[in-house]
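Every read-out reported here was derived from the displayed coordinates using simple, explicitly stated rules and does not represent laboratory data. As the structure is a prediction and not an experimental result, all values here were calculated from the model. For neighbour counting, all protein chains shown are included, and Cβ atoms are generated from backbone atoms with ideal geometry for every residue, glycine included.
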Amino acid sequence: MPAKPRHAQMDCSPGCPVEATLSLIGGKWKGLVLYHLMDGTLRFNELRRRLPNVTQRMLTNQLRELEADGLISRTIFAQVPPRVDYALTGRGRSLRTVILALKEWGEEHAAA
């Protein structure tokens, strides 16, 4: 009988680390937001320009979820007009290798 692949031998039932990670960065926009914030702090409209197909409402929702999950921080500056900056937290920066690995895989395989 052939040996099972290594990943098949690991337990990844509901609630496993893979599922937990995908729930944090899954969806169409969260990974892209995290990717763009790896360059540094951005304002809301700068993010919208980098993601032209996202609606304002969807981007707002995704940013709120990322903030609630501790992956990004939101800093509000009391000025006119109001300024809001978004940046990766330490937890968000720890996803750098994951995001870059997804980018690399996409460059190699997504066109196929």
(message) Every residue in the stretch 20-67 that is loosely packed, with under 15 Cβ neighbours inside 10 Å, part of a helix (DSSP H, G or I) and in contact (Cβ under 8 Å) with a residue 24 or more places away in the chain, please.
(response) Thr21, Met58
(message) I'm told Leu95 meets every condition in (1) without any contact (Cβ under 8 Å) to a residue 60 or more places away in the chain; (2) surrounded by 15 or more Cβ atoms within 10 Å (Cβ to Cβ); (3) not small (Gly, Ala, Ser) except one. Can you identify the failing condition by its number?
(response) (1)
(message) Can you find a residue that is touching a strand residue (DSSP E or B) at 6+ places or on another chain (Cβ under 6 Å), surrounded by 13 or more Cβ atoms within 10 Å (Cβ to Cβ) and assigned to a helix (DSSP H, G or I) anywhere in the stretch 68-87?
(response) no
(message) Out of the residues in the stretch 68-84 meeting the condition of being in contact with a Phe, Trp or Tyr (Cβ under 7 Å, 6 or more places away or on another chain) and in contact (Cβ under 8 Å) with a residue 24 or more places away in the chain, tell me which one is nearest to Leu34 (Cα to Cα).
(response) Ile72
